[in-house]
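Accompanying notes for the structure given below.
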Amino acid sequence: MKMHETLPLIPIASGSGAWLHDFDGNHYLDAISSWWVNLFGHANPRIAGAISDQLGRLEHVILAGFTHAPAVELAERLAGRLPGLGHCFFASDGSSAVEIALKMSFHYWRNCGKPRKNGFVCVEGSYHGETLGALSVSDVALFRDVYAPLLNNVAKVPSADWRAAAPDETREQAAIRAAAALEAYLAANHEDIAALIVEPLVQCASGMQMYHPEYLRRARAACDRYSVHLIADEIAVGFGRTGSFFACEQASIRPDLLCLSKGITGGFLPLSAVLASEAIYGAFYDDELTRGFLHSHSYTGNPLACRAALAVLDIFEQDDVLETNRRKTVALNRLCEPIAAHPRVRHFRNTGMIWAFDVDTDDTRFGRHFYHAALREHLLLRPLGRTVYFMPPYIIGPDEMQLLADGTLTALDDALAQCG
Ligand code: PMP
């Protein structure tokens with residue numbers, strides 16, 4: 001809060017398409033989709049229409065003992081997107097989805113007579129949320145270190161970040177090397193490990209670390225070999241963000257548990273879901289109450305949020321979103337060539353509708369300077385340390401892409417000039 005003495009909050013009056021409008025007539029291109037949640041623009045009439053229709057029918061009902069059509073339809077349509085994950089557990093945000101996946105994995109092994117399997121493995125630079133269980137499997141020092149005494153001890157394996165590839169190594173070889181370290185860890189410790197949790201293809205919060213899908217294929221094989229669950233946290237990368245509907249599809253793998261949130265409602269309402277395999281579901285199907293999965297949130301499977309999510313799936317089905325995004329990716333990459341060629345830019349990278357680059361500066365104030373400079377260019381961009389990234393809503397148009405590329409270049413030079 002003290003920072004806001006020099007960095008005042010910006011009150012937003014309204015949003016339309018990719019734009020946010022304040023009360024003073026300024027407008028900002030939401031190039032980070034309001035923390036990666038917005039897919040089809042602010043105040044999107046199709047999603048808003050579905051929610052207002054639902055408002056007149058049923059705003060909420062307890063999802064224990066009772067059920068409702070939007071939750072059933074959403075569970076079925078999500079399950080249809082990744083065959084083999086036919087069971088859906090709803091919650092209200094990303095962190096609670098991660099808590100659910102961790103608890104479910106541990107409880108599964110306990111129900112199977114393997115209570116020793118209670119440890120988790122995460123990847124260097126992972127981020128899975130900030131409640132205590134999710135933070136335990138996260139590796140971002142800024143969020144984690146203060147709370148370390150409250151967190152569970154979790155093992156960390158090397159990331160497959162393609163920036164860490166040796167000069168004579170391809171991105172795929174870097175992924176194979178990281179997967180070998182995982183394999184060695186599981187070989188030695190699998191009897192105490194319930195699950196590996198990964199962010200498929202892009203580790204977003206720790207600086208848009210991108211990696212080759214071969215890592216996921218090998219991680220899946222290692223988890224199978226050592227009877228360890230694979231939890232895919234697609235909270236940030238699901239719903240088309242990496243170019244396929246789910247990022248896991250690019251590795252042709254199916255996780256045991258899949259966490260979804262953020263874009264699920266197009267950024268309208270909080271909702272999350274954990275999809276689980278038949279084997280996991282079956283281990284809880286029992287007369288004995290304590291063998292069941294007892295975990296509840298008041299707003300679990302809220303009908304308004306489920307209707308928003310169904311409208312999002314309709315848009316994917318009716319508008320050929322992935323193909324249109326492919327063309328936008330090519331166009332924005334071309335517009336970004338001057339950024340990639342900038343003498344202070346390192347590792348310009350792109351996966352689907354995510355772009356990132358690192359800035360060569362030692363000045364820790366770079367992020368703040370860049371944020372301010374970008375606002376002057378009508379861009380909402382929040383660097384992660386020295387990494388600048390774009391995660392625009394999918395409805396971004398050609399003029400907006402041009403503004404994003406040009407404004408970023410100007411903001412970069414401004415920020416670097418202030419860093420000295
Ligand atoms: N997992 C990932 C990969 C995320 O990016 C995030 C949010 N940035 C979360 C989990 C946590 O989601 P939420 O903020 O909704 O709790």
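What residue, of Pro167, Pro158, is farther than 24 Å from Trp109 by Cα and either exposed (fewer than 13 other Cβ atoms within 10 Å of the Cβ) or in contact with a Gly (Cβ under 9 Å, 6 or more places away or on another chain) (or both)?
Pro167
Working only within region 89-106, note down all residues that are assigned to a helix (DSSP H, G or I), open to solvent by 30 Å² or more (accessible area, probe 1.4 Å) and near the ligand (Cβ under 10 Å from one of its atoms). If you could, list the steps in order and put the result at the bottom.
Initial filter on region 89-106 (assigned to a helix (DSSP H, G or I)): 94-106.
Now drop any that are not open to solvent by 30 Å² or more (accessible area, probe 1.4 Å), which leaves 99, 103, 106.
Matches in region 89-106: Glu99 only.
Taking region 263-303 on its own, how many of its residues are open to solvent by less than 30 Å² (accessible area, probe 1.4 Å) and either assigned to a helix (DSSP H, G or I) or in contact (Cβ under 8 Å) with a residue 12 or more places away in the chain (or both)?
Matching residues across region 263-303 total 18.
Going through region 310-359 one residue at a time, which ones are more than 24 Å from the chain's Cα centre (by Cα), in contact (Cβ under 8 Å) with a residue 24 or more places away in the chain and not in a helix (DSSP H, G or I)?
His342, Arg344, Val345, listed by residue number.
For the list (1) out of contact with any Lys or Arg (no Cβ under 9 Å at 6 or more places or on another chain); (2) within 28 Å of Ser136 (Cα to Cα), I need the number of the one condition that Gly41 fails.
For Gly41, the exception is condition (2).
Mind checking which residues of region 373-397 are in a helix (DSSP H, G or I) and under 25 Å from the mean Cα position of the chain (by Cα)?
Hits for region 373-397 are Ala374, Leu375.
Being under 30 Å from Gln54 (Cβ atoms) and acidic (Asp, Glu) is the filter; apply it to region 211-262 and report the residue that is most open to solvent (accessible area, probe 1.4 Å).
Going through the qualifying residues, I end up with Glu249.
Say we look at region 116-170 and pick out the residues that are in contact with a Leu (Cβ under 6 Å, 6 or more places away or on another chain) and among the β-branched types (Val, Ile, Thr); which of these is farthest from Ile197 (Cα to Cα)?
The selected residue is Val157.
Taking region 247-275 as the region of interest, how many residues are over 26 Å from Asp192 (Cα atoms) and within 13 Å of the ligand (Cβ to nearest atom)?
Final tally of qualifying residues: 13.
The values are calculated or read from the model by the stated rules, or taken from the named source; none is laboratory data. Bear in mind that the values here come from a model prediction, so they are computed numbers and not experimental data. Cβ atoms come from the backbone with ideal geometry, glycine included; neighbour counts cover every protein chain shown. Surface accessibility is based on the protein's heavy atoms, side chains included, excluding ligands, DNA and RNA. Shrake-Rupley method; radii C 1.70, N 1.55, O 1.52, S 1.80 Å.
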